[in-house]
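Only the coordinates and a few stated rules stand behind these numbers; no lab work does. Small disclaimer: the values here were computed from a predicted structure and weren't measured. Every residue, glycine as well, gets a Cβ built from its backbone with ideal geometry; the counts of neighbours run over all protein chains shown.
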Amino acid sequence: MIAMPAQPSTIVLVDGGCAMCSRAMRFLERRLPRDADVELLALHSERGAACAARFRGLTQRDALVLIRGDRACQGGAAVAEALLLLPRWRLVGRALAAVPDRPREQVYDLVARNRHRLFRGPVACTLPVESAPG
């Protein structure tokens, strides 16, 4: 069993083996306020898998999952929520959140299915792969 330290208010899970996802996480890391209570994790890490396991319905296609308390969103909704965490990107996040679910998720699915072809190159996951001993 994994010892779960105190939960941050927001957890963002990504596919750590994907160049696009790794770039997205670096984008978030650079723009998050210093005092943001956000943890960024790779889905395939021990802690990331444990966080994702708390929620039913998450699928392998979910390259991005955002968790707040007992609620999780994925796909395009998670992209919108992640942008809302960034002060200079909140307007874009609000605009994306206003797009109806079906077309937003269709575009997300299209990009997610093709992300390994669209973003080639070496992937060096900068997120923790294993949870810290604790």
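Listing for the model above:
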{"item": "Per-pair calculated FRET efficiency, R0 = 22 Å: Phe55 and Arg94 via Cβ, rounded to 0.05", "result": "0.35"}
{"item": "Descending semi-axes in Å of the range 10-118, equivalent ellipsoid built from Cα gyration tensor", "result": "18, 18, 15"}
{"item": "Residues with amide H under 5 Å from that of Leu32, placed H, sequence gap 5 or more", "result": "none"}
{"item": "Per-residue Cβ neighbour rank within 10 angstrom, fewest leading, Leu84, Leu118, Leu41", "result": "Leu118, Leu84, Leu41"}
{"item": "Stretch gain in nm, segment Arg115-Arg30, where the contour uses 0.36 nm per residue and the Cα spacing is subtracted", "result": "28.4 nm"}
